[in-house]
Amino acid sequence: MVRPIEVAPPSDDKRWRIVNATMRRYGYKPQALIETLHAVQESFGFLDDESLSFVARRLNVPMSKAYGVATFYHFFSLKPPAKHNCVVCLGTACYIKGSDQMVKALSEAHDIEEGEITPDGEFALLSAHCVGACGLAPVAVVDGEIVSGLTPENIVKIVGERVSDGS
Amino acid sequence: MPVKTFKIDGQDVSGREDETVLDIARENNVFLPTLCNIEGLKPVGACRLCMVEVKGSNKLLPACVTKVEEGMEVTTNSERLQKYRRMILEMLFVEGNHVCSVCVANGHCELQWLAEKLGVDHTRLNYMFPKKEIDVSHYRYAIDHNRCVLCTRCVRVCGEIEGAHTWDVSGRGINAKVVTDLNTPWALSETCTECGKCIQVCPTGALFKKSRAVGEMTKDDHFLPYLKTMREVDNAE
Amino acid sequence: MPNKVKVATVWLDGCSGCHMSFLDIDGVLLDIADRIDLVYSPLVDNKVFPDMVDLTLVEGGVSSVDDRAKIIKIRKHTKLLLSLGDCAITGNVPAMRNRYPVAAIEERAYIENADVNQHAPNLIVPELLPQIQPVHTVVPVDIYLPGCPPPGPVIRDALVALLNGEMPNISPRFG
Amino acid sequence: MTNTITIDPVTRIEGHGKITIEINDAGEVTNAHFHVTQLRGFEKFSEGRPFREMPALMARICGICPVSHLVASAKACDELLAVRIPETAITLRKILNIAQMVQSHALSVFYLSAPDLMLGMDADPGKRNIFGMYEADPQLARNGVRLRQFGQQVIERLSGKRIHPNWVVAGGVSDPLTPEARDAILADIPEVKQITLDALKWFIPMIDQYREEIKVFANFPTMYMGMINADGSLEHYDGILRIVDADGNHVRDIDPRHYQEYIGEAVEDHSFLKSPFYKPLGYPQGIYRVGPLARLNMATHAGTPLADEALKEYQSLAWEERQSSFYFHYTRLIEILYGIERIEELLNEPDILSEHVQALANVNASEGVGVSEAPRGTLLHHYKVDEYGGITWANLIIATGHNNMAMDRGVFQTAKHFIDGKKIEEGMLNRVEAVIRTFDPCLSCSTHAIGQMPLHIELKDQDGTVLDVLQRD
Amino acid sequence: MDREEFEQIGQKRREADAAVEYHINVCTSSGCVASGSAAVKESLEAEVKARDLKHKCRVNGVGCLGLCGSGPILSIQPEDALYQKVKPQDSAEIVDHLGQGPVERIELKQDNAFFQQQQRVVLANAGKLDPEDIESAMAHGAYRALYKVTTEEMYPTDVVREITQSGLRGRGGAGYPTGLKWATVAKMDEGLKYIVCNGDEGDPGAFMDRSIMESDPHRILEGMAIAAYAVGASEGYIYIRAEYGLGIQRLKKAIRQAEKMGCLGKNIFDSPFSFSVQLRLGAGAFVCGEETALIASIEGQRGNPRPRPPYPAMSGLWGHSTLINNVETFANIAPIILNGSEWFSSMGTEKSAGTKVFALSGKVNRVGLIEVPMGISLREIIEEIGGGIPDGHAFKAVQTGGPSGGCIPEEHLDTPVDYESLRALGSIMGSGGMVVMDDTSSMVSVARYFMEFCMDESCGKCIPCRVGTAQMYELLTRFVNKEATEADLTLLEELCEMVSQTSLCGLGQSAPNPVMSTLRYFREEYLERITPAHEPA
């Protein structure tokens, strides 16, 4: 009989239970990797070395492979998320209606490049290839909410209000 | 196993049905350039250098993963194929920072050799001069990502033969990069067995022994087919 | 005497190794002296590039605004332009600086590693381009002779072929 | 109002520089400078590289004296290994380094400076080159080519490649010497020895024709720096690094590892080449010269029979006389003779064919300084590495750099003497270039240059505003 | 379960619905949610409650009503009135007007081509049923086709034949005959087989599949189950983008309800046939729309495509025979089974049967989701259904097929929309994105935009795609910045050819399409951006 491999979660943080439940649902099979990473990201907001290492061991996935998967998919983040974020849609319809100018305006207003977080961790400027709301183009997703009817000026204002209210 | 007869560049050849066009071309001394392919590791069809024309198909097929078929007529060296192959090499030269003159593998590099063989004397593409890393943390080995062509031979030899799977590819597209473990410095890798196989299969000077100076990193991948055969023999018992 | 072939050699951002390899054709240089006229070169004193030159060998990549202006001008006044060596063709070792901003390079040389008057030179010296570029990305090039440097015999064979009015048959080898 | 004459490019030097000469309304030269107009960044982009790549990488600084860089760099790397390297490896490195000196000196004398000396400073610029010399004296030109070829062949026979060999590595050399290579080199020795003796016979009588040049070709007292053996004989690989004063008195022996205490580097706004100076005297008082002139002004004897004789003859000149940089040419020829004799001696050492030529070790020290005597003078490589042997920092002081201040001052001295601002003649300008040529500066070393502008003259007012430009194109 | 029991579920619901006099159907698809339909629905419910009209009037959440650009949209049944851009403060007026004709101020007139020229098969029930309620779906006929094949007269071979005869072709882009694909998988040796629904709709400018999944999830499940029955599979996966939160939520709910109802799971409708469906979330990789990459992703790996053959039909998920179809393809299955292949093939053209859903967006007056018969002309779609170009601008091009497609100019607007015709124009049908551009759009910028997309989405495995897209992007940037040379144009064209010929998968092979099509129709825009080479200094 083979001694079962016990891999303990990195801490007794309750959120690991959710992660563990996901893995259990898939019988701790390696193929559960992406689903588990989703669970980690949903619980912790991002994937760090500790969680990747834990998930990889528990699912018997080589660590380099877990890292390879985590970095292949843009949905996963290896950095802690910002407090607020704005995902500007750069889908074709939005692009045709000037959403790249919105990125530029936000980039200038917050002095960060697309894909970056402000040094104080308050705000992240992101872009997406299409959020599938082409009918409302141009749109952006601000803290998870789709916002439409945008111009480079008003998006800066909308984001500015959220970032400055400190919530 | 059934044997198929077909033609390579007009020459009649035959092969078992589980063999590839590349196998049979090599058997018959027909030169096909390859970079990701290496005898003894699973073919991945990634470098696209071994693409051939097959009569009746408007698509080019990678010889390394194309199984032989009865009656197929394969052309290995048309002008079009030569042009594409040169372009592929040019792409590799501009994608990284390949400074042959000061590379540990100078004179022993498959990329350099292929460029010579295929007549690449310059590239019209735009040099990207990426800022890539060098990891010299390991006491014996080092990796210079500037010279990596992402053939994934190291990934495969480490996973398929050594069984450590220390290497894998991270990121994607032009930002893809081979990593050890969780992109940890090589020296801190928990899985690396220091067997050195990755060093030997690397076609360029990306992976090398730190004890080697410029031009001194010769590669020896002859152990691969041997290991593979022995594994089959061992498993058969 | 038949008309001599007008040859120029120029040197941009390289190490001069290709020029040295050109000299490594040794006595052949003197043997062909009656067939070529070296009209512009670091080896001769003419300071003005002639109106039209039959063949120009260029060593080195394009590194400064001076280099760029120079090669553009030379291209206009030369029939055949030959990129001699890896620096001209790929940027080679000098292009390793392309991974760093010019300011970082100047910082190391003139601030960190200097004791007096620590700042980057700024008078008379030309502006450095942010990245060294291969010659053919700036002007069209007709012949490529890679190598670091291309060995003397390879240069000799190419020269002799060109003097005989043939395009040289080059087996390229970087490094 | 000031006129500025620009000589651009300075030709027949290894690399390209620019000279500017400022002339006042009276036509007097008021200032002159030598500018190096390229910067290449080796000190920066070597960062992160494994230290074992350094010798071959750093050799790409210069294609004229790659071996000097190989040797200095390898010596710095030896220090990182912190091991004793095999004696045979040291001997082989010495031979390679001397062969490099022979070919480089031959290039300087015959390809670059002899046209001035033989055809005259005022000769037709179109003829003032190796081809013109070949027309005038085919045998002399062929001898020059042969001498350089000899040096290059020694390098090729030892290392497999004439330019940019990779043979010198941390811990020694990569391959032992073969008996065939040794014998082939030895077979050439008598011929090249004779060529050199002939060359000295050709040169020495010419000295009298250049009295005026000798007087003003960077002829001023400076300190000298160079390697020397304890017995006062010549050494280019691992001697004592010594500084003597303008009167030839011993000032100090420097431990290369502490060079930074004695040698500082100053930046001039108008040149990419820095100006090293002797720190205890400060900048710019700490001016010194390096190279063959420095080495032979310091040495008591050469250490080989024929060269000893030749050196004795040279040293019969007064010390003050020997302050002129014009004598760089003379000392260069003596060093060639020394080099050929020394190669012969070293090749006959009993262990020369030993197979044990490389010490194997990993990185054991975090910092290393390597010094060699390059043809043009002392060459210094200084590296720092991390615990894994990755380069974290590099500093290079190259031979030509040491002479930068002297060249700059020499240009002024020569220009002032020869140039009449009212009537500028080509030959005057050529002399200003020729003074640079005496130093045989190697500007590809770490910096090098080319300018796109032909000779032009700028008229400037006192504030430096350009009023008019006279273009000669 | 016998037919009567099955029919009763839907029947009961229909009766219950009929008992309520008015239905206010508020669109709760992403588009309208984004413009605030949730608040509208809440306020309507509050108004109904306040007036105590619960017995007379019900507020339902429904799927997409199509005209996303005018959201939030709602419909009043049985009056069949549509309201657009509804705000919560309109609620009282809407409720007050029930039975008295529409509120004209916000009424959306349906007497235009947008409503008249559509033919709804896939979207037949979108906007009518409550996507979160299986009974509502069954009231509209869901699972009838599945019931028919599993319990009554059809053998698996009959199903495959019916699909083959219908002429249905893959709606994911390439247009491979669906029946042929099914037949191949059906013929593979028995053993584990998989059904995979590709819901990784990643094309910028496309939201057809999203709408279908949000509006009528059971139709997809039913199509997959029928496919499973036909090819002999027992497990299925829906691969859906993680970004599609609402779709994920509704599909999850739908699977749960269908299992409970016996429409999925073990012994469906008490027949010997069992089929279960699981969701797998994508994680932001467009290349996973490629079938071999999608398989790798479901297996928990990097989404790297691998060379084909072997095709997934022979060796797919974990090496087993796998049938992969796209969302819209599966959504077409049930109607074909119910109405017959002849009915289906009578729509559209001879080679491209049926209808196609398009996401019409960009510089066009009416943007939204439309379903039209194949063979309709581009002009009809843009000028009539879309209502032409707004703000007095002129039409310039329509982009179809997303990053794998091309830009079609004015002179080809009368081309019928079918697989072959679009291909002949250098574009493709693609999954159905249709972005209209007016005279303010620079086609070079558009080409660069798509190249940037492909570059970002390249997996990096094969060299031509990994490096070629980056190189083409760089060249296109030179054109955009007006720094290009003649040589750049030659090189760009050579790269287009080389990358399309040598790339490993469809992403790379089609990445040059937007460039090639703009070079073909708008070459002068490239030429205008060329500067004379090597100006002397």
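Quick check: pseudo-label points 7 Å beyond the Cα along Cα→Cβ at A:T118 and B:T193, how many nm apart are they?
My value for the distance between the label points is 5.2 nm.
Compute the relative contact order of segment D:1-115 as a whole-number percentage, counting only Cα pairs closer than 8 Å that sit 6 or more residues apart in sequence.
17 percent
Averaged over peptide B:113-125, how many Cβ atoms belonging to another chain are found within 10 Å of each residue's Cβ?
Whole-number average of other-chain Cβ neighbours for B:113-125 is 6.
Taking 56 Å as R0, compute the FRET efficiency from the Cβ-Cβ separation of D:E367 and E:K252 and round it to 0.05.
0.35
Could you order peptides A:99-110, D:65-76, E:10-21, E:348-359 by the average number of other Cβ atoms within 10 Å of their residues, highest first?
With the highest mean Cβ count within 10 Å placed first, the list reads D:65-76, E:348-359, A:99-110, E:10-21.
So how do B:T184, D:T88 rank on accessible area, 1.4 Å probe, biggest first, that is with the largest at the start?
The ranking, largest first, comes out as B:T184, D:T88.
Could you sort the residues of segment E:267-293 by number and keep only those whose accessible area is reduced by 40 Å² or more in the all-protein-chain setting relative to the chain alone, 1.4 Å probe?
Flagged in segment E:267-293: E:R280, E:L281, E:A283.
Express the relative contact order of chain A as a whole percentage, based on alpha carbon pairs under 8 Å and six or more residues apart in sequence.
Relative CO of chain A lands at 18 percent.
Name the shape class, rounded, prolate or oblate, that the alpha-carbon gyration tensor gives for chain E, where a ≥ b ≥ c are the square roots of its eigenvalues, rounded holds for a/c under 1.5, and otherwise prolate holds if a/b is larger than b/c and oblate otherwise.
Taking the square roots of the gyration eigenvalues as a ≥ b ≥ c, chain E is oblate.
Which residues of segment E:345-365 end up with at least 20 Å² less accessible area in the presence of all protein chains than when their chain stands alone, using a 1.4 Å probe?
Relative to the lone chain, where solvent access is computed with a 1.4 Å probe, segment E:345-365 loses at least 20 Å² at E:S361, E:G362, E:K363.
Under 14 Å from the Cβ of E:T178, count the other residues' Cβ atoms, weight Lys and Arg +1, Asp and Glu -1, and hand me the total.
+3
Among D:P375, D:N364, E:S215, whose Cα sits farthest toward the positive end of the charge dipole of the protein assembly as shown (+1 at Cβ of Lys/Arg, -1 at Cβ of Asp/Glu, about the Cα centre)?
Sorting the options by dipole projection puts first E:S215.
Working from Cα positions, state the angle (0 to 90°, nearest 10) between the long axis of helix A:33-44 and the longest principal axis of chain A.
Once rounded, the angle reads 60 degrees.
Helix-derived [θ] at 222 nm for the protein assembly as shown: sum -39500 (n - 2.57) over DSSP H runs of at least 4, divide by residue count, nearest 500?
Dividing the helical sum by the residues of the protein assembly as shown leaves -11000 deg cm²/dmol.
Roll a 1.4 angstrom probe over the protein heavy atoms and tell me the percent of accessible area of segment B:3-77 that is carbon or sulfur.
Taking all protein chains in place, segment B:3-77 shows 43 percent carbon and sulfur surface.
Among B:I199, B:I38, B:I88, which one moves the most in a GNM of chain B with springs linking Cα atoms closer than 10 Å?
Most flexible of the set in this elastic network: B:I88.
Chains D and C: what accessible area do they bury, summed, in square angstrom to the nearest 100, with a 1.4 Å probe?
The contact between C and D buries close to 6000 Å².
Considering only chain E, what is the antiparallel percent among its DSSP beta bridges, to the nearest 5?
50 percent
Exceeding 21 Å between C-alpha atoms, which entries from my cross-link table qualify? They are C:K47/D:K127; B:K55/B:K83; E:K54/E:K253; A:K29/A:K79; E:K12/E:K56.
Table pairs above 21 Å Cα-Cα are E:K54/E:K253; A:K29/A:K79.
May I ask you to give the solvent-accessible area per residue for segment E:376-505, in square angstrom, as obtained with a 1.4 angstrom probe?
Accessible area per residue: 27 Å².
Chains E and A: buried accessible surface, both sides, probe 1.4 Å, rounded to 100 Å²?
Answer for the E-A pair: about 3200 Å² buried.
Residues of segment A:84-165: accessible area per residue at 1.4 Å, in Å²?
40 Å²
Would you mind giving the mean number of other chain beta-carbons within 10 Å of the Cβ of each residue in D:265-277, as a whole number?
Counting Cβ atoms of other protein chains within 10 Å of each residue's Cβ and averaging gives 6.
Classify segment E:141-344 from the C-alpha gyration tensor, please: rounded if a/c falls under 1.5, else prolate or oblate depending on whether a/b exceeds b/c.
rounded
Report, in debye and to the nearest 20, how large the dipole of chain A comes out about its Cα centre when Lys and Arg carry +1 and Asp and Glu carry -1 on their Cβ.
Roughly 1060 debye for chain A.
Suppose accessible area is computed on protein heavy atoms with a 1.4 Å probe; arrange D:K423, A:K65 from highest to lowest.
D:K423, A:K65
Work from the charge dipole of chain D (Cβ charges, +1 for Lys and Arg, -1 for Asp and Glu, about the Cα centre) and give the residue of D:Y111, D:Q194, D:A299 farthest towards its positive end.
D:Y111
Is there a quick way to get the dipole size of segment A:15-72? I mean about its Cα centre, with the Cβ of Lys and Arg at +1 and of Asp and Glu at -1; what is the value in debye to the nearest 20?
Roughly 320 debye, rounded to the nearest 20.
Quickly work out the E:R120-to-D:R257 label distance, labels modelled 7 Å from Cα along the C-beta direction, and quote it in nm with one decimal.
8.7 nm
Nearest 5 is fine: what % of DSSP beta bridges in the protein assembly as shown come out antiparallel, could you say?
65 percent
Using a Förster distance of 25 Å, how high is the FRET efficiency between B:N28 and B:N235, based on the Cβ-Cβ distance and rounded to 0.05?
E between B:N28 and B:N235, to the nearest 0.05, is 0.25.
When the Debye formula is applied to the Cα atoms of the protein assembly as shown, each taken as the same point scatterer, what base-10 log of I(q)/I(0) results at q = 0.04, 0.06, 0.07 Å⁻¹?
-0.34, -0.70, -0.88
Just tell me which aspartates and glutamates come within less than 13 Å, Cα to Cα, of D:K44; anything on the same chain fewer than 8 places away is out.
List returned: C:E106, C:E107, C:E112.
Which of the aspartates and glutamates could a cross-linker bridge to B:K210, judged by Cα under 17 Å and excluding same-chain residues fewer than eight apart?
B:E133, B:D135, B:D144, B:E194, B:D220, D:E47, D:E53, D:D78, D:E79, D:D386, D:E387
Using the basic label-point model (7 angstrom from Cα toward the beta carbon), what is the E:T440 to A:E161 distance in nanometres?
Each label point lies 7 Å from its Cα, and together they span 2.5 nm.
For helix D:305-315, report the angle its Cα long axis makes with the longest principal axis of the Cα atoms of chain D; keep it between 0 and 90° and round to the nearest 10°.
The answer is roughly 30 degrees.
Once Lys and Arg get +1 and Asp and Glu get -1 on their Cβ, which of C:V102, A:V61, E:L492 lies farthest toward the positive end of the dipole of the protein assembly as shown?
A:V61
Enter the mean number of other protein chain beta carbons within 10 Å of the beta carbon of each residue in D:61-69, as an integer.
Shielding by partners across D:61-69 averages 4.
By a straight-distance test (C-alpha under 23 Å), which lysines pair with D:K193 as possible cross-link partners, with residues fewer than eight away in the same chain excluded?
Partners within reach: D:K94, D:K201, D:K312.
Tell me the relative contact order for segment E:20-111 as a rounded percent, counting alpha carbon contacts under 8 Å between residues six or more apart.
Relative contact order here is 34 percent.
Can you compute the charge dipole magnitude of the protein assembly as shown about its Cα centre, using +1 on each Lys and Arg Cβ and -1 on each Asp and Glu Cβ, nothing else charged? Give it in debye, rounded to the nearest 20.
1920 debye
Give the carbon-plus-sulfur fraction of the accessible surface of segment A:84-165 in %, rounded to a whole number; probe 1.4 Å, heavy atoms of protein chains only.
Here it works out to 50 percent.
Return the FRET efficiency for the residue pair E:D52, A:K14: r is the Cβ-Cβ distance, R0 is 30 Å, and the value is rounded to the nearest 0.05.
It comes to 0.10.
What is the extension gain from E:Q110 to E:E190, computed as 0.36 nm multiplied by their sequence separation minus the C-alpha to C-alpha distance, in nm to one decimal?
Between E:Q110 and E:E190, full extension yields an extra 23.7 nm.
Would you mind classifying chain C by shape? Square roots of the alpha carbon gyration tensor eigenvalues, ordered a ≥ b ≥ c; an a/c under 1.5 is rounded, otherwise it is prolate if a/b is larger than b/c and oblate if not.
Prolate, since a/c reaches 1.5 and a/b exceeds b/c.
How charged is the neighbourhood of E:E45? Take every other residue with its Cβ under 12 Å from the Cβ of E:E45, and add Lys/Arg as +1 and Asp/Glu as -1.
+3
The values are calculated or read from the model by the stated rules, or taken from the named source; none is laboratory data. Remember, it's a predicted structure, so these values are computed and weren't measured experimentally. Cβ sites come from the backbone with ideal geometry, for glycine too, and all protein chains shown count toward neighbours. SASA here: full protein model, heavy atoms, side chains in, ligands and nucleic acids out. Shrake-Rupley method; radii C 1.70, N 1.55, O 1.52, S 1.80 Å.
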